[in-house]
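Please treat every number below as a calculation from the coordinates, not as lab data. Since the model is a prediction, treat every value here as computed from it, not as a measurement. All Cβ positions, even for glycine, are placed from backbone atoms using ideal geometry, and neighbour counts span all protein chains on display.
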Amino acid sequence: MLKKYLSVILLACTALVSMPSLAQLSDSEAMNMAGLQRSLTQRMAKNYLMLGADVRVDVAQRQLKETIERFDASQKALAGYAPTAEIKAALAKVDATWAVHRQQVEAKPDHAKAAEMLATSEELLQQTQHVSDLMGQHLGAMGASVHHTGWARVQTQRIAMLYMAKSWRVPAPDLDAKLDKAVSDFETILKELEARGTPNEEIANTQRRARAHWGFTLKGIDLHASQDFVPTVITVSTDSLFRQLNELTRLYAGLQAKEA
């Protein structure tokens with residue numbers, strides 16, 4: 001049964017979500033794109049660790065290439081959109097860190113250098129978070145809604161990245177605490193979305209699918225306490241969650257754009 005489930009999800013998760021048009025971004029597209037950059041920082045680090053640990057190598061190679069290309073293209077698009085000097089300056093800081101991190105994740109995975117790569121990934125996450133925060137402040141209510149669902153999207157890849165770091169025995173600090181917080185953050189946001197109610201059936205269906213995949217992911221995560229790591233299961237299920245939360249964020253962004 002598990003093998004059948006994994007086969008179905010693997011087929012559904014082989015490609016990164018499609019790239020939107022990068023020309024003339026609308027406010028909702030820019031907010032969604034800025035938020036997605038946070039997820040991509042975690043996704044690249046996860047793929048590096050998967051390659052190093054020899055987990056789903058073909059998928060990891062493809063995802064890493066696609067994610068690097070998307071992150072880079074989105075940075076350029078956001079720089080062209082940036083509505084304030086403060087946002088432009090924040091994006092410039094991202095660019096500087098990205099230049100370093102890109103070299104790290106494009107290099108052959110090295111267990112001895114994995115902790116350093118993770119530290120740069122954390123810095124890049126903080127910087128992209130700052131850009132997303134500034135965009136949310138600039139766009140007001142529209143930004144707040146998309147920012148909220150987008151943070152759950154980040155956690156799908158952060159959970160996978162931290163789990164892979166533990167599975168590969170990377171000597172990075174606070175992995176257990178960070179993983180516990182990422183799991184807690186995702187569960188909290190999912191419960192808040194469910195309690196809030198859904199504005200249409202499409203969003204309701206997407207949330208139900210996310211809840212189902214989250215339950216499967218939690219079963220795998222619970223095994224890590226006994227050091228019984230199941231990295232293939234976790235990377236497959238979190239890829240599916242990423243797709244569900246990306247779609248949910250896109251739907252909320254579109255809804256907010258219509259109401260604006």
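Taking other C-beta atoms within 10 Å as the exposure proxy, His138, His101 rank His138, His101 from fewest upward. For the chain, complete DSSP H runs whose alpha carbons reach 24 Å or more along their own long axis and whose mean Kyte-Doolittle score is -0.5 or higher are 27-53, 85-106, 114-139, 141-167, 175-196, 231-259. Pairs from the table (Lys76/Lys219; Lys76/Lys166; Lys88/Lys191; Lys46/Lys181; Lys93/Lys113; Lys65/Lys191) lying more than 29 angstrom apart at Cα are Lys76/Lys219; Lys76/Lys166; Lys88/Lys191; Lys65/Lys191. Over the range 77-156, the Kirkwood radius and the radius of gyration, each from Cα atoms, give a ratio Rg/Rh of 1.04. With Rh defined as the Kirkwood radius, the inverse of the mean 1/r over Cα pairs, the Rg/Rh of the chain is 0.95. Among Phe229, Phe242, the ranking by other beta carbons within 10 Å of each residue's beta carbon, starting with the fewest, stands as Phe229, Phe242. Kindly provide log₁₀ I(q)/I(0) values, in the same order as q = 0.20 Å⁻¹, from the Debye equation applied to equal alpha-carbon scatterers of the range 123-247. Per q value, in the given order, log10 I(q)/I(0) is -1.17.
Computed from point charges on the beta carbon alone (+1 for Lys and Arg, -1 for Asp and Glu), the dipole magnitude for the range 24-259 about its Cα centre is near 280 Debye. Rg and Dmax of the range 110-189, based on Cα coordinates, read 14.3, 44 Å. Sum up the charges of everything whose Cβ sits under 12 Å from the Cβ of Gln207, counting Lys and Arg as +1 and Asp and Glu as -1, but leave Gln207 out. Once all neighbours under 12 Å are counted, the net charge is 0.
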